[in-house]
Amino acid sequence: MSFRDGLAKGPRVFAVSSGKGGVGKTTLAANLACVLAEAGAKVLVFDGDLGLANVDVLFGLTPRRHIGDVLAGRCRLADVLVTGPCGVKILPASSGLVKLTHLSEGEKLLLLEEFEELATGLDWVFLDTPAGISENVLYFNLASQERLLVCTPEPTALTDVYALIKVLYRRYGVKHFHLVVNWVRRKNQATEIYRQLLRVVERFLGSVSLNFLGSIPFDRQVSEAVRAQRPLVTLFPESSATRAIRQVAAELDRLQIRPFEGGLQFFGRKIMGVCA
Ligand SMILES: Nc1ncnc2c1ncn2[C@@H]1O[C@H](COP(=O)(O)OP(=O)(O)O)[C@@H](O)[C@H]1O
Ligand SMILES: [Mg+2]
């Protein structure tokens, strides 16, 4: 796999979201991070979900600090990071996140500077978002360069992912999205789902582009890995879901990503003001 040797001006930042919960966002973000890190990249997963099955649980980690400690001046953002499997860095979820969209100007600036410093050595950042279209979900999506949407063949997953695209486009003019279909049980199911979503998007949200990145089959070993609190891709390197996640990682690596305009837009100055 080729990474942007020498060309990198900052990490590629992807928000991973879905609208609906339980569709595989955390599984995908955590395992993509592992695949990319195994190939030599420096990867950060920002756990933006306070739910139960979050990234540190998935990786069997017990973080001691969180963003709230940074805002309280008790430590630096770098001290909050935990190193997980394959060397993936994890920024743990925290109750401090609840007020991410309600930070004071001083707090925003503090976090912004901390993020800028943190991001200089990174190749990839995945923001694992909660379900729904809450302020935090929109914020993470706006703070990212690219948006990776996860959907399953369930009708509610489709309507929820459409609702997320719609609000990001109508309210903020976000036009580019990538789609991964998870929990696929038969041949052609993923492309059927993609076409179905694309049809509605093209009909009602004219200039939105939806790029199909790949699909992941239903695989019992996914939940076995969750129970073992180990990454699927290392515990079951030959499983069908692992192979599919590797393909998605290769697709991600091939994407042409618009370069940052300078500095870091991840939680960048403009973005900081958007949802606050
Ligand atoms: N492809 C899959 N095959 C089987 N189980 C899966 C698959 N993807 C996710 N799961 C299971 O579904 C549950 C929810 O996944 P998770 O990644 O936590 O979803 P989300 O982050 O979207 O809420 C987990 O228990 C996980 O093991
Ligand atoms: Mg999750």
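The values are calculated or read from the model by the stated rules, or taken from the named source; none is laboratory data. Source: prediction; values computed, not measured. So basically every Cβ, Gly included, is an ideal-geometry build from the backbone, and we count neighbours across all protein chains shown.
I need the helices (runs of 4 or more DSSP H) fully contained in region 179-242, keeping only those with at least 1 residues that are at pLDDT 95 or above and exposed (fewer than 13 other Cβ atoms within 10 Å of the Cβ).
Qualifying helices (runs of 4 or more DSSP H): 189-204, 220-228.
This table checks each residue for (1) free of Cβ contacts under 8 Å to residues at least 12 places away in the same chain; (2) out of contact with any strand residue (DSSP E or B) (no Cβ under 6 Å at 6 or more places or on another chain); (3) of a type outside the set (Ser, Thr, Tyr).
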{"site": "Ala143", "(1), (2), (3)": "no, yes, yes"}
{"site": "Val150", "(1), (2), (3)": "no, no, yes"}
{"site": "His178", "(1), (2), (3)": "no, no, yes"}
{"site": "Asn182", "(1), (2), (3)": "no, no, yes"}
{"site": "Thr191", "(1), (2), (3)": "no, yes, no"}
{"site": "Glu202", "(1), (2), (3)": "yes, yes, yes"}
{"site": "Ser209", "(1), (2), (3)": "no, no, no"}
{"site": "Val222", "(1), (2), (3)": "no, yes, yes"}
{"site": "Arg227", "(1), (2), (3)": "yes, yes, yes"}
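When region 38-55 is filtered for residues that are among the acidic types (Asp, Glu) and at pLDDT 95 or above, only Glu38 remains.
Among the residues of region 15-43, those identified as surrounded by fewer than 24 Cβ atoms within 10 Å (Cβ to Cβ), at negative phi, away from ligand 1 (no atom under 12 Å from the Cβ) and not in a helix (DSSP H, G or I) are Ala39, Ala41, Lys42. Among the residues examined, Ile245 qualifies as in a helix (DSSP H, G or I), in contact (Cβ under 8 Å) with a residue 40 or more places away in the chain, within 21 Å of the chain's Cα centre (by Cα) and within 16 Å of ligand 2 (Cβ to nearest atom). Here Ser104 does not fit the description of being at pLDDT below 90, polar (S, T, N, Q) and under 27 Å from Cys34 (Cβ atoms). Taken over region 114-154, the residue count meeting the criterion of being surrounded by fewer than 24 Cβ atoms within 10 Å (Cβ to Cβ), of a type in the set (Asp, Glu) and within 16 Å of ligand 1 (Cβ to nearest atom) is 1.
Being closer than 25 Å to Glu107 by Cα and at pLDDT 90 or above holds for only one residue in Val35, Val80, and it is Val80. Taken over region 142-178, the residue count meeting the criterion of being charged (D, E, K, R) and outside any helix (DSSP H, G or I) is 4. Evaluation of Tyr139 against the conditions (1) over 15 Å from the mean Cα position of the chain (by Cα); (2) within 15 Å of Ile67 (Cβ to Cβ) shows that the sole unmet condition is (1).
Which residues, counting only those in region 70-90, are surrounded by 14 or more Cβ atoms within 10 Å (Cβ to Cβ) and under 30 Å from Arg227 (Cβ atoms)? Once the filter is applied, which keeps residues that are surrounded by 14 or more Cβ atoms within 10 Å (Cβ to Cβ) and under 30 Å from Arg227 (Cβ atoms), region 70-90 yields Val80, Leu81, Val82, Gly84, Pro85, Cys86, Gly87, Val88, Lys89, Ile90.
Working only within region 113-134, note down all residues that are more than 16 Å from ligand 2 (Cβ to nearest atom), among the hydrophobic types (A, V, I, L, M, F, W, C) and out of contact with any Lys or Arg (no Cβ under 7 Å at 6 or more places or on another chain). Give the derivation first.
Filtering region 113-134 for residues more than 16 Å from ligand 2 (Cβ to nearest atom) gives 113-125.
Now restrict to residues that are among the hydrophobic types (A, V, I, L, M, F, W, C): 115, 118-119, 122, 124-125.
Phe115, Leu118, Ala119, Val125 - these are the residues of region 113-134 that are more than 16 Å from ligand 2 (Cβ to nearest atom), among the hydrophobic types (A, V, I, L, M, F, W, C) and out of contact with any Lys or Arg (no Cβ under 7 Å at 6 or more places or on another chain).
I'm trying to understand the selection: among the residues of region 119-133, which are outside any strand (DSSP E or B) and modelled with pLDDT of 85 or more?
Let us first name the residues in region 119-133 that are outside any strand (DSSP E or B), namely 119-123, 129-133.
Correct list: Gly121, Leu122, Asp123, Thr129, Pro130, Ala131, Gly132, Ile133.
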